Structures are given as C-alpha cells and as structure tokens.
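To start, the structure under review is shown below, and the notes come after it.
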Amino acid sequence: MNSPTSAIQIENLSYAYGRAEAVRDLSLTVQPGRCYGLFGRNGAGKTTTMKCLLNLLRPQRGQVRIFGLDPTKEEVAVKRLLSYVPDQVAFYPWMSVRETLDYLASFRPHWNRKTEQELFEHFGLDPAQRAGSLSKGQRTQVALIAAVCPETDLLVLDEPTSGLDPIVRREFIETVIGAYQEGIPGKRTILVSTHLITEFEGLIDQFTIIDRGQAVLTLDSDQARERYQRIRARFAQSPPELDLKAALHVRRDGRELELIANGAGLELLEHLRQHNPEALSTESLTLEEIFVAILKS
Amino acid sequence: MILRINFKSGMPIYLQLVDQIKTAAASGALRPGEALPSIRPLAEELRVNRNTVAKAYTELESLGVIETLPGRGCFLKENHSALRKEIRRKLLTVEIDQAIVQAHHLQVPREEFLELIHERMHVLADKRRANEDYKKKEV
C-alpha cells in the first residue's frame, strides 16, 4: 500500500460471474477529501467494483481497502465509515418514510437530525407516506437523506441519478455538495459511479474510466480538460497533407479539419498555423466528451 | 456578482473563479469592503466541489485581493495591492506578453492593438464610474 491513509485502495481486483469477467485487474486509489468519479458504460464493471468495496461481493483476486481496513474481515468497522446510495433503492414497502429513516438511523452511532429536517423540507417529502408508494425520485431522495445524515467519512454513490428527472438530479447534486461536503475541508470523501458525467463535472476532482472491467484512464479533472482539446481549422483550399499522428481523432470535411488532441495540442496548433488556415480555434473537451473519445478510439 | 464556469475553456475551474473575481473587482462589480459569496451556497449554485471554491478564495487571499475575517467570511480588500511595485509589473508583463502573442497570431497590427488597450481601459473606467455613481445614489 503506497499510503495507509487512502480512503479507498483497490489493487488488482478481479471478479467474474461464472465465466463472464466483470472486473479485470482493476487498481485505483482515492485520497481522503476527494470526489472521485468512476465512469463507464452500462455493464463496464462499476457496480461490481462498488459491491466489492461494500463486501456485498468477495474479490476473487486482488484486494480492496477502505481507510486501510479490509471489508471482508472488518465489515462492521468499514460499514461504520461509509454510507451508500445504490442504483436500485429498496425499502420495506409497509413502512412510512418516517419509520424507514428511524429504522436506518438505528444502525448508526450518529445521525444529524437538523440536516434530516432541512432535507425533508427541501425535497417536500411527506413523513407519513408509505415507502412502497414513493416515486423513483422520492425513493432516491430518502436514500440520500439516509446516506447524508450519518455524516460518514466516505459516501459511495452508484449511478445515483440515472432514471431521475432533471430537477431531481440537480437537487441531488446540490445536496451532495451542500450537506455532504460540510465540515472539515478535505475530510469527506465521495466515490460516485455514473455514465451521466456532465452533471457531476464540476464536483469531480479525479476519475477513472473503466471499460469491460478494466481501467482505461485515470486523471485529475483539470488536467484532463487541459490535455484533451478539440482543434478546428479551416483552410482556403482543401487542407494540405499534414502529419497528424499526434492527434487522437481526425475528421475532414471539405476545407475543414477537426482534431482531438491528447496532450499534444500546442504542437498540433503550431503545425496547423504554419499552413495559414483561414480560421483556427481550440476548446477543451468536457469530461463526457473525453469519455466518448476514449471509448470510441 | 454573477460567476460562470466554462468547462471548455481549458482553464482549471478555481482559476476561472479567481479571474472572474479579479475582473469584478477591477470593474467595480465588487467593491472594496464588500462580501464575497460564502463557499457553500456558491458551490451549490455553480455545482462545483466546495474544495474548488475554497482553493480559489485561498489563492485570492494570497494575492492580497481578498481577506478572510474569521466567522464573518471573505471580503474584497480596501487596498488590494499588497504586492511590491516591481512584482506587480512583472505579473502584468506576463499577461501583456500573452496578449501581444495572441495579437500577432490574429494579425492585429501594433497601432490597432495599442488603440484597443486604450479602448478597454476606458470601458472598464466607465463601468467603475457607473458602479460608483450607483453606490452614491444608494447612500
């Protein structure tokens, strides 16, 4: 282990369902206080990875550590340190919302009643409503309240906003920023898996893109946006033959040229400039565009 | 003061905030002694990490643009040039050089470039004056 204080340490994790490999030799490290994104398509291995962190699945190879603890050996201690919003939220349908939260709070040594009250009002939830009759959005809101109020050091969110309407999604993220990141800066850690990357763009400090169970790219968000650039050039005549091997993608359309640069943006820009383009512009890719560019290449 | 984040600019988010607050201070949109938005509501509104906002404020504080009063928040400094004159000139030189390089690539000739600088200084001065007039009326 390179740092005993890592919030999450995954080393060479592999897991297969029968012969279908879901996660293959995955390694990643999340430092405390960071908001870490796990990006992947449906079936890329995100949920399997998260289940190994939560000891819902046992790693078949490799290991995972939460604040240095092994979830398979110290399950209770690990569960005390984290809270979790799953992709499919399920409650006992006969319980009211109030009873559901009291039930979940009973497992926790600490529960912030003030935050609970604020979020209840903010979301406009009815404490007397039966959990079985909640909408998908409301179920997620109740699950978020239950995940935020124990104020654990680690919050794990598995595809939390998929299938929700845009308003609920927005409120969800604002809640995570506002209520969860409260307190000592650099203390609370978030791991979020999603394919709805745009909404989490501002929140995510660092991310790993996984594809078919393997880590494809791990980067700091600011560095990623600096590295991946879209360059557009328009020439007076059809574009000259250029050496564009440094580009990740090249698209030609008549007199126009569009490149995706990976780290070599400045050189490519200078190279294009030498051929006197009529117009030349550059912009960063968003994290979602980086995700698409990587998985399509 | 309304802040906006552009994920396509290629500039780190905290630096975008630093720049926009500096611009607001230069144009008078933010006046000396005025409070900056608190970290939590600003982070929620922009939907960015709170650490990012905190990092921007720390940077502004180390540049001497703002000051933090414990328990009360961050405020624009009355005289926000804590840096020595030569350092201020040096910092500015870097920015000017970038603009000159950009002007060269965009084929803006020297005279036109200098004219543009005068023009922009007038625009900012006008903005500042308008903001000051508005402040007087408020009082």
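Read-outs throughout are calculated quantities, based only on the coordinates presented, and are distinct from any laboratory measurement. Being a predicted model, the structure only gives us computed values, none of them experimental. Here the Cβ is made from the backbone with ideal geometry for all residues, glycine too, and neighbour counts use every protein chain on show.
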- Item | 222 nm mean residue ellipticity, helices alone, for the protein assembly as shown (DSSP H n ≥ 4; -39,500 (n - 2.57); rounded to 500) | -12500 deg cm²/dmol
- Message: Can you compute 3J(HN,Hα) from phi for each residue in region A:191-202, using the Karplus curve 6.51 cos²θ - 1.76 cosθ + 1.60 with θ = phi - 60°, rounded to whole Hz and x for Gly and Pro?
- Response: 10, 10, 9, 6, 10, 8, 6, 3, 5, 9, 3, x
- Item | Cut-off under 5 Å, modelled amide H: who pairs with A:G263 long-range | A:Y228, A:Q229
- Message: Checking the table B:K77/B:K127; A:K46/A:K73; A:K296/B:K55; A:K114/B:K55 against a 31 Å threshold on Cα-Cα, which pairs fail?
- Response: A:K296/B:K55
- Query: Semi-axes of chain A's equivalent ellipsoid from the Cα gyration tensor, sqrt of 5 times each eigenvalue, largest first, rounded to whole Å?
  - Reply: 41, 23, 17
- Item | Electrostatic dipole magnitude of region A:51-139 [Cβ: Lys, Arg +1; Asp, Glu -1; Cα centre; debye, to 20] | 380
- With the dipole of region A:100-244 worked out from charges on the C-beta (+1 for Lys and Arg, -1 for Asp and Glu) around the Cα centre, which of A:H110, A:Q206, A:V142 lies farthest toward the positive end? A:V142
- Message: If the only charges are +1 at each Lys and Arg Cβ and -1 at each Asp and Glu Cβ, what is the size of the charge dipole of the protein assembly as shown around the Cα centre, to the nearest 20 debye?
- Response: 460
- Distance between modelled label sites at A:D25 and A:L242, nm, 7 Å Cα→Cβ extension: 3.6
- Task: Quote the charge dipole size of chain B about the Cα centre in Debye, to the nearest 20; the model charges only the Cβ of Lys and Arg (+1) and of Asp and Glu (-1).
- Result: 340
- Quick calc, B:L63 & B:V108: beta-carbon distance into FRET formula, R0 51 Å, rounding 0.05, result 0.95
- Across region A:75-92, in residue order, what do the Karplus-derived ³J(HN,Hα) couplings come to in whole Hz, using 6.51 cos²θ - 1.76 cosθ + 1.60 with θ = phi - 60° and x for Gly and Pro? 4, 5, 4, 5, 5, 5, 8, 9, 10, 9, 10, x, 6, 10, 8, 10, 10, 5
- Task: Return the whole-Å distance between the Cα centroid of region A:25-53 and the Cα centroid of region A:63-97.
- Result: 15
- Protection proxy (average C-beta count within 10 Å per residue), highest first, orders A:11-19, A:147-155, A:260-268 as A:147-155, A:260-268, A:11-19
- Karplus 3J(HN,Hα) series, Hz, for region A:263-275 with 6.51 cos²θ - 1.76 cosθ + 1.60 (x for Gly, Pro): x, 9, x, 5, 5, 4, 4, 5, 4, 5, 4, 5, 9
- Task: Would you please put A:126-134, A:105-113, A:167-175 in order of how densely packed they are, using the mean number of other Cβ atoms within 10 angstrom per residue and starting with the highest?
- Result: A:167-175, A:126-134, A:105-113
- Across the residues of B:8-17, average count of Cβ atoms on other protein chains within 10 Å? 4
